[in-house]
Amino acid sequence: MTKPRVRFAPSPTGFMHIGNFRSALYDYLFAKKNDGDFVLRIEDTDQKRFVTGALESLINVLNWADVNYTEGVFQKDSKFQIPNSKFYDSKSYKGIIEIGEYGPYIQSEKLEVYKKYAETLVKDGHAYYCFCEPERLEEMRRDQQAKKQPPIYDQYCLRNVTPEEVNKKLKSNCPYTIRLKMPKDEMIEFDDIIRGKVKFDTNLVDDQVLLKSDGYPTYHLANVVDDHEMKITHVIRGEEWLSSAPKHLILYRYFGWEPPQFAHVPLLLNTDRSKLSKRQGDVAVEDYIKKGYLKEAIINFVIFLGWNPGEGSTQEIFTLEELTQKFDLSCVHKGGAVFDIQKLDWINSQWIKKLSIDELYERSLEFWRQKEFYNIWDKEQQRKNNKEKGDYIKKVLTVERDRLINLSGVGENNIFFFVSDIDYDKNLLRWKEMSDENLKASLQKSLDILTEISDPLWTKENLEKLLVEAAGDKKGDLLWPLRAALTGQQKSPSPFEVAWVLGKEESIKRIKKALSL
RNA sequence: GCCGCGUUCGUCUAGUCUGGUCCAGGACGCCAGGUUCUCAUCCUGGAAAUCAUGGGUUCGAAUCCCAUACGCGGUACCA
């Protein structure tokens, strides 16, 4: 196979949709596995839907996920910028540069090119000017629907407007579009990498507008022109494009270009099996980032929605690197997949367990800073000039790691680590039917043991060893009151872990307080 | 309506090309048990799919063929 070239071509109309992100991932894996190029192109041909900042956030998500492309549109300070490569500043976007020899990679920057191609098509008799007004088109469609005919353009302008009239209208600046002239009575057939043979009857395919009256190309024209000019070999895109594929194939034929190979990937679905939408949950990758899902988990999860290494493999957790080895585009499923947040949660917790404490710390910091209890605690530590507060957080994380579903939940179940005075009912301290004297004796025993432990021996392991030894058969008698005294909670990590984090001084203080109740 | 695509446990899926080893395997979730001072982790086990339905072909079909149903996508001067 010649060196494959793929492209991810989003529109800057908002956030990065998770389904779109999956397509980008498939692009990335396919390019990587086959040692190909991966181009990021921006399809901003719809002025009405343009959203400021969307392009930047699209790039940011790819950067965040380490899905690095090799050509196209980059942020000026991008970490993926290819050293020593030539680049130029984008004409229309600040802080954006374009790298590669097939640019511009932003469609709004090459409007004349599309126009020229559209006019060539007209000259060759493969397209024609259309002066129909939106109102007429709408009426025509309504009519066709009533008559149960396929809703396609009736070619009014092709049949009724003479070349002279066309010239006249063009000269008088009459608004126009250019339409593709679909051939008649033909079956367009092509081989989709994922779906196999797909057939369409050209009589049922519309004479698609290629050039809009505002001078912008439609997706169909711009996409085909760019894919050709950028030497794209494999077009990986969502299933929603499948029915317009014949239009694209016809364009390639009219231009005399060889079409790329197509791979139409299935859609992501809501629980009710409709197309994944905002109404039923989060669809933007950014939403999941904010909720504390790791990129490793999101990638892992999303790729497995519609693809699986097969051959009886039971491995569920994969790095991007491992995925790259195994990925096979032709094994992507045909059917849509429901986005199941519970499975994502599980994958995320698996990935969190794999993180080192230092890594967990670095990556969770931004989430700590969103917590009120943390900020209050943090201020207090600053006042005390506590230089070890980072170590303290790492200890908390050591205890929490196996319990975390996502990073945003950090600290939340263990706020007692961050408050100086915990408040609870005395009865919480009582293990089963324990009497007051026994309770006091139990706490006193814990106190004695802990007081005896010297600082260097204040480790999780040692605390556990000494306390378990002292507790003997009746662990609950000793451990429950201690844990309750340390945490003030019904449920919490073990007293060994908690005491270890709190340190000797604070632990003793809390036991003494419990004794005084 | 028309065109296209799809359909294996609730969900993600293995198996389908190259029919028998599949009265269908794994994972999430759920339930039960174990470990355990509580929670979580971890471990063991369980329930859960007449392979959308109906017809064929065949000694034999989740796997091949046909029809139907249902779902989804498209049907724009949106992508």
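The values are calculated or read from the model by the stated rules, or taken from the named source; none is laboratory data. Just so it is clear, the model here is predicted, and its values are computed rather than measured. Note that each Cβ is placed from the backbone with ideal geometry, even for glycine, and that neighbours are counted across all protein chains shown.
Observations, loosely collected:
- Taken together, the residues in region A:453-491 that are of a type in the set (G, A, S), assigned to a helix (DSSP H, G or I) and modelled with pLDDT under 95 amount to 3.
- The single condition among (1) under 30 Å from A:W307 (Cβ atoms); (2) part of a loop (DSSP other than H, G, I, E, B) that A:N20 does not meet is (2).
- Some residue of region A:311-329 being in contact with a strand residue (DSSP E or B) (Cβ under 8 Å, 6 or more places away or on another chain) and at negative phi: yes
- Any hit, region A:258-278, residues being without any contact (Cβ under 8 Å) to a residue 60 or more places away in the chain, touching a Pro at 6+ places or on another chain (Cβ under 7 Å) and near RNA strand B (Cβ under 6 Å from one of its atoms): no
- Residue count, region A:420-438 (criterion: under 16 Å from A:P495 (Cα atoms) and away from RNA strand B (no atom under 13 Å from the Cβ)): 1
- Of the strands (runs of 3 or more DSSP E) contained entirely in region A:64-159, those carrying at least 1 residues that are crowded, with 17+ Cβ neighbours inside 10 Å and of a type in the set (G, A, S) fall at A:71-75, A:127-130.
- Region A:401-420, subset charged (D, E, K, R) and out of contact with any Ser or Thr (no Cβ under 9 Å at 6 or more places or on another chain), residue surrounded by the most Cβ atoms within 10 Å (Cβ to Cβ): A:R401
- So A:S213, is it over 24 Å from A:L268 (Cβ atoms), of a type in the set (S, T, N, Q) and either assigned by TED's automatic domain parsing to the domain that holds A:K199 or touching a helix residue (DSSP H, G or I) at 6+ places or on another chain (Cβ under 9 Å) (or both): yes
- The requirement of being at pLDDT below 95, within 13 Å of RNA strand B (Cβ to nearest atom) and either of a type in the set (K, R) or not assigned by TED's automatic domain parsing to the domain that holds A:Y69 (or both) is satisfied by A:D201.
- Subset tally (residues that are crowded, with 20+ Cβ neighbours inside 10 Å and either among the small types (G, A, S) or part of a loop (DSSP other than H, G, I, E, B) (or both)) for region A:44-56: 2
- Condition check for A:Q149: touching a Pro at 6+ places or on another chain (Cβ under 7 Å), on the phi < 0 side of the Ramachandran plot and within 12 Å of RNA strand B (Cβ to nearest atom): no
- Restricting region A:224-246 to residues that are small (G, A, S) and more than 7 Å from RNA strand B (Cβ to nearest atom), the residue that is nearest to the chain's Cα centre (by Cα): A:G238
- Any hit, region A:276-295, residues being under 27 Å from A:G196 (Cβ atoms) and in contact with a Phe, Trp or Tyr (Cβ under 9 Å, 6 or more places away or on another chain): yes
- Criterion (more than 9 Å from RNA strand B (Cβ to nearest atom) and not small (G, A, S)) met by exactly one of A:L158, A:L137: A:L158
- Scanning region A:33-58 for residues that are closer than 17 Å to A:V265 by Cβ and either touching a residue at least 60 places away in the same chain (Cβ under 8 Å) or among the charged types (D, E, K, R) (or both) turns up just one, A:K33.
- Matching helices (runs of 4 or more DSSP H) fully within region A:315-416 where at least 1 residues are among the β-branched types (V, I, T), within 16 Å of RNA strand B (Cβ to nearest atom) and in contact (Cβ under 8 Å) with a residue 24 or more places away in the chain: A:341-354, A:357-368, A:389-400
- Selection status of A:K199, in a strand (DSSP E or B) and surrounded by fewer than 16 Cβ atoms within 10 Å (Cβ to Cβ): yes
- For region A:473-495, the set of residues classified as more than 6 Å from RNA strand B (Cβ to nearest atom) and hydrophobic (A, V, I, L, M, F, W, C) consists of A:L478, A:L482, A:A484, A:A485, A:L486, listed by residue number.
- Selected residue [assigned to a strand (DSSP E or B), more than 7 Å from RNA strand B (Cβ to nearest atom) and buried (at least 18 other Cβ atoms within 10 Å of the Cβ)] from A:L221, A:L210: A:L210
- Test: residue in region A:170-177 that is within 17 Å of A:L121 (Cα to Cα), near RNA strand B (Cβ under 9 Å from one of its atoms) and either of a type outside the set (F, W, Y) or at pLDDT below 95 (or both): yes
- Members of region A:139-166 that are of a type in the set (S, T, N, Q) and modelled with pLDDT of 90 or more: A:Q155, A:N160, A:T162
- Screening A:F304 against (1) within 8 Å of RNA strand B (Cβ to nearest atom); (2) outside the structural domain of A:L55 (by TED's automatic domain parsing) leaves a single unmet condition, (2).
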